[in-house]
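Structure record follows, encoded as structure tokens.
The values are calculated or read from the model by the stated rules, or taken from the named source; none is laboratory data. The structure displayed is predicted, hence computed values, not measured ones. With ideal geometry, Cβ positions are generated from the backbone for all residues, glycine too; neighbour counts draw on all protein chains shown.
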Amino acid sequence: MAKSRLKSLKDTEKTSFRKSFSALIYIPRFFKEIWKTNKKRFILSAFCRLVGAILPVAILWVGKIIIDEIILQANADITDFNRLWTYVAIEFGLVVLSDLVSRAISLTDSLLGDAYSIDSSVGIIKKTNQIDISLLEDSEFYDKLERARTQTAGRVGLISNALGEVQSLISIATLVAGLIYFEPYLIILLVLSIIPSFINEIWFSQQQYSLARGWTAERRELDYLRFIGANNQTAKEIKLFGLTDFIVDRFKNLSDEYYQLNKKLAVKRSALGFLFNVLGTLSYYGAYIFIIYRVVSGVITLGELTFLSGSFNRLTRNLQDFFSKFTRITESSLYLKDYFEFLDISIEPKHNEDQPLPEKIITGFEFRDVHFSYPDSDKEILKGVSFKISAGEKMAFVGQNGAGKTTLTKLLLRFYEPTSGEILLDGININRFKRDDYQEFFGVIFQDFFRYEFTVRENIAIGDIDELYNQEKIENAAELSLAKDVISELKKGYDQQLGKRFSKGQELSGGQWQKVALARAYMKDAEVMILDEPTSALDARAESDVFKRFIGLTKGKTSIIISHRFSTVRQADRILVLEDGKVLEIGTHEILMSNQALYAQLFQLQAEGYQ
């Protein structure tokens, strides 16, 4: 297994210099997003950086003047030090101002970063909501989503690095001007000390990105193993089945592989970085010796020595910082590319959605010769399914596991589209309706409903979130779903936090969660109700009560029920029996029992279990 993973990494596409630099085209767009986040704060940060870029050379220049003034007064035996103290006061003021500007930059960068982090995360959430479920269930696409979602910290750091580069450029330009004015030959030594280190950092940044990108799926697996290995939802089975060693070994083997590859890269990077840093240090001391020689020769003054040595030292550090930030920017730009590519995914309607949605269903739904296979699968789940659901009819879907019952509802809800055939609403293909408006027609509770670790009130209001503060409606939904009795036992009632993830949260049993989830369906006065195994965790009496209320409350509304319990199914107006993706039989309970086919056999088997 280890060899196969390592081989797959070797086969991963490497990131070239061209790709690294081409990713920089996303920087202007990145700055536009920051500008939109907070214009005033962005301008303040830019102004502070401009001032901060000029201050270093100003401080060095004043320092040079102070040294020259001290020597002049000492040689001339002058006792009036007012001008000297004025220069010292100016330098002190500049140093204080430099510290103030530095802190202002850190503050504005931090606040801008936090604000942008919020905006970018909101953008990812909204974009994810626009994307088809079929894409979200594709592993390669999910890797793209994962890269966009998890690189928030890198994008925030990019703000500081990118703005810092502009500041460094201005500072470098002023320091270079000072060096050229006195000793232009020092620039050659400066270039020799910096360029090799820069190339080294760029190359290793590319390798780091290639490694991280190539291991996106494996890192998702590591996150998953961390989750199931230390989580209250899985703790019982982990303990009962003795899975700890299995999970630990799997996690350790996979993480060790990544660690070894990362270690190899890090060691090479550090070793070469050290060698190039020695070269830089030699260049600096070469320049320092050259400056001392010029002073001893009487070509420049002691004040100019102070200025030049300070300028060269600061310029070396500024250039190293500039190139270091540049490599981080090119690396971050590659992740920025992933982020913008995700946001730029085209979400164009596959059909001409020009039909207005009917206010009331007149005739109902019709499936015409519907075939369906999940993406990247050759297996047909539905094979030429045709039937009608009349307006106001309560229809039940029955069949053994894998027969295609839930798939029918997913197609009806437009989570997926048929491979062939069509689904009609009042004689019009449902693809002609605007998707968001069409889905508002439905109130749905799935068997695998999500347990939101919110308050009870919020969990129920999810069915119609605009009614979050409509207490009367929430309480009515809770009563209809039998959740009211559950809530009455909770310490904080409707304000009780559910789940154990957050402080003072309370966990519910499976049946209690199911009642809360059912309440969501009653929050929405939907034209069509779909209940997919909504009572699997309830006892027989509670299930009977739930469905009696459901039948009464959905009178005149179109409803679809999926259940394995035939005591529930028999209450439907008609029952559709699926087998191997095909409609085997359809009719009332009485008709299907008289057919003595699959439905009757399953009903009798279940009935015998209760005797």
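The table for this structure:
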item: Residue match in the range 136-149 (condition: buried (at least 16 other Cβ atoms within 10 Å of the Cβ), at negative phi, at pLDDT 80 or above and among the charged types (D, E, K, R)); result: no
item: Subset of the range 426-444 [part of a loop (DSSP other than H, G, I, E, B) and either at pLDDT 90 or above or surrounded by fewer than 16 Cβ atoms within 10 Å (Cβ to Cβ) (or both)]; result: D426, G427, K434, E440
item: Pair list, Cβ under 7 Å, 6 or more apart: the range 223-236 residue at pLDDT 70 or above, other residue polar (S, T, N, Q); result: I228/T234
item: Criterion: of a type in the set (A, V, I, L, M, F, W, C), surrounded by 12 or more Cβ atoms within 10 Å (Cβ to Cβ), without any contact (Cβ under 8 Å) to a residue 12 or more places away in the chain and farther than 30 Å from F323 by Cβ - qualifying residue of L243, L254; result: L243
item: Count - residues of the range 490-525 that are acidic (D, E) and at pLDDT below 90; result: 2
item: Matching residues in the range 546-589 - criterion: being charged (D, E, K, R) and either over 43 Å from the mean Cα position of the chain (by Cα) or not in a strand (DSSP E or B) (or both); result: K548, R549, K555, K557, R565, R570, D573, R574, D580, E585
item: Residue pairs meeting the criteria (Cβ under 8 Å; at least 6 apart or on separate chains; first over 17 Å from G52 (Cβ atoms), in the range 78-107; second of a type in the set (V, I, T) and in a loop (DSSP other than H, G, I, E, B)); result: none
item: Complete set of residues in the range 284-299 that are surrounded by 15 or more Cβ atoms within 10 Å (Cβ to Cβ) and touching a residue at least 12 places away in the same chain (Cβ under 8 Å); result: Y284, A287, Y288, F290, I291, R294
item: Members of the range 116-133 that are buried (at least 16 other Cβ atoms within 10 Å of the Cβ) and within 16 Å of the chain's Cα centre (by Cα); result: Y116, S117, S120, I124, K127
item: Selection status of F446, of a type in the set (F, W, Y) and closer than 22 Å to P358 by Cα; result: no
item: Breaking point among (1) surrounded by fewer than 17 Cβ atoms within 10 Å (Cβ to Cβ); (2) out of contact with any Phe, Trp or Tyr (no Cβ under 8 Å at 6 or more places or on another chain), for R328; result: (1)
item: Qualifying position, being in a loop (DSSP other than H, G, I, E, B) and either at pLDDT 85 or above or outside the structural domain of Q130 (by TED's automatic domain parsing) (or both), among I423, I362, I389; result: I362
item: Wholly enclosed helices (runs of 4 or more DSSP H) of the range 455-504 bearing at least 1 residues small (G, A, S) and out of contact with any helix residue (DSSP H, G or I) (no Cβ under 9 Å at 6 or more places or on another chain); result: 483-488
item: Inter-residue pairs, beta-carbon under 6 Å, first of a type in the set (D, E, K, R) and in the range 433-448, second outside any strand (DSSP E or B), 6+ apart; result: K434/E353; R435/R414; D437/L357
item: Residue satisfying condition, being modelled with pLDDT under 80 and either assigned to a helix (DSSP H, G or I) or closer than 30 Å to G113 by Cβ (or both), within set S4, S45; result: S4
item: Candidates F307, F312, filtered to the one that is in the same structural domain as L72 (by TED's automatic domain parsing), more than 27 Å from G273 (Cα to Cα) and buried (at least 22 other Cβ atoms within 10 Å of the Cβ); result: F307
item: Qualifying residues in the range 354-373 (those that are loosely packed, with under 15 Cβ neighbours inside 10 Å and touching a helix residue (DSSP H, G or I) at 6+ places or on another chain (Cβ under 9 Å)) - the one nearest to D437 (Cα to Cα); result: P356
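Residue by residue, here is whether (1) modelled with pLDDT under 80; (2) acidic (D, E) holds:
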{"residue": "F17", "(1), (2)": "yes, no"}
{"residue": "A23", "(1), (2)": "yes, no"}
{"residue": "I27", "(1), (2)": "no, no"}
{"residue": "T37", "(1), (2)": "no, no"}
{"residue": "L50", "(1), (2)": "no, no"}
{"residue": "P56", "(1), (2)": "no, no"}
{"residue": "I67", "(1), (2)": "no, no"}
{"residue": "A76", "(1), (2)": "yes, no"}
{"residue": "D80", "(1), (2)": "yes, yes"}
